[in-house]
Amino acid sequence: MTKDNIFSIPQKKVEDFSFDKKVVAVFPDMIKRSVPGYENVIIMSGLFAERFARPDSNVYDLGCSLGATTLAMRSRISAPGVKIIAVDNSPDMIESCREILASDNGMAPVELLLDDIRNIDFQNNSLTALNFTLQFLPPGDREPLLKRIYDSMPPGAALILSEKITFSEKRNSELFMDIYHSWKAHNGYSEMEIRQKRTALENVLIPDTIPQHTARLEKIGFKRCELWFQCFNFMSMAAFK
Ligand SMILES: C[S@@+](CC[C@H](N)C(=O)[O-])C[C@H]1O[C@@H](n2cnc3c(N)ncnc32)[C@H](O)[C@@H]1O
């Protein structure tokens, strides 16, 4: 696994974060050391897929990056006729993801799309995973996307939504951000790396609170929204139609 040291050199002006070739080269190490519980969320996505992927339906992995969620789901799906549709708008991610998928011998077919998740015509959707991706959409685009996902689902289908979050209580936001940064330092990131990455993400990743997520999902029509994972300022919830 190539070590992430992208922000280890002082930058005069820190550019906005993007999922380019540099990031793709270190992505597995970066996400493992930057998202507490990432590996659990991925494994559990596979367990959700095992349960919710219905025969002859589509399962979506939106913002698939290098295909970690797709591979976890593929390894657990046993229902016949299931297709996984994995989407990312970063050409570099999709190129590497294609190579990774080619060396996997899972049964379910995977359609890999280089596209914006806002352009996808969702169909026959028994399960959608949005693992750490919704947070990168402009806030106003989040509800319309979730509504289209909801509309493409039969009753009983599920959404997995994993996100970095913030808190309505300012003191809690500061506290959990601080503990989170201690965890990153524990994982080998220097103070400068943590600071520069934070600046790079500032205009790009806009987190919501858990009540904002829940209220939006319920407004759209999802019946049961359950938080099943949280660690500091990261969470995953499942919502059911
Ligand atoms: C943090 S990564 C997601 C990690 C991935 N789901 C996993 O589990 O390993 C966010 C991904 O979303 C993609 N992305 C961000 N905005 C997108 C959009 N509007 N359409 C498609 N992909 C998008 C990025 O290119 C990036 O690969």
### Query
Scanning for something free of Cβ contacts under 8 Å to residues at least 60 places away in the same chain and among the polar types (S, T, N, Q), does segment 95-102 turn up at least one residue?
no
### Message
For segment 223-239, check the following and say yes or no: at least one residue is surrounded by fewer than 14 Cβ atoms within 10 Å (Cβ to Cβ) and part of a helix (DSSP H, G or I).
### Response
no
### Task
Tally the residues that are in a helix (DSSP H, G or I), in contact (Cβ under 8 Å) with a residue 60 or more places away in the chain and not β-branched (V, I, T), restricting the search to segment 1-26.
1
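Scanning for something under 30 Å from S152 (Cα atoms), touching a Lys or Arg at 6+ places or on another chain (Cβ under 6 Å) and either within 11 Å of the ligand (Cβ to nearest atom) or part of a strand (DSSP E or B) (or both), does segment 42-50 turn up at least one residue?
So far as segment 42-50 goes, no, none of its residues is under 30 Å from S152 (Cα atoms), touching a Lys or Arg at 6+ places or on another chain (Cβ under 6 Å) and either within 11 Å of the ligand (Cβ to nearest atom) or part of a strand (DSSP E or B) (or both).
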### Query
When you go through N125, N105 one by one, which is the residue that is more than 13 Å from the ligand (Cβ to nearest atom) and modelled with pLDDT under 95?
N105
### Task
Within segment 77-97, count every residue that is closer than 12 Å to N124 by Cα and either buried (at least 24 other Cβ atoms within 10 Å of the Cβ) or under 14 Å from the mean Cα position of the chain (by Cα) (or both).
1
### Candidates R51, R74 - the one that is basic (K, R) and surrounded by fewer than 20 Cβ atoms within 10 Å (Cβ to Cβ)
R51
#### Entry: Residue list for segment 196-221, restricted to those being surrounded by 13 or more Cβ atoms within 10 Å (Cβ to Cβ) and without any contact (Cβ under 8 Å) to a residue 60 or more places away in the chain
R198, T209, I210, Q212, H213, T214, A215, E218
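The values are calculated or read from the model by the stated rules, or taken from the named source; none is laboratory data. These numbers were taken from a predicted model, which means no experiment stands behind them. Virtual Cβ from ideal backbone geometry, glycine too; neighbours counted across all protein chains shown.
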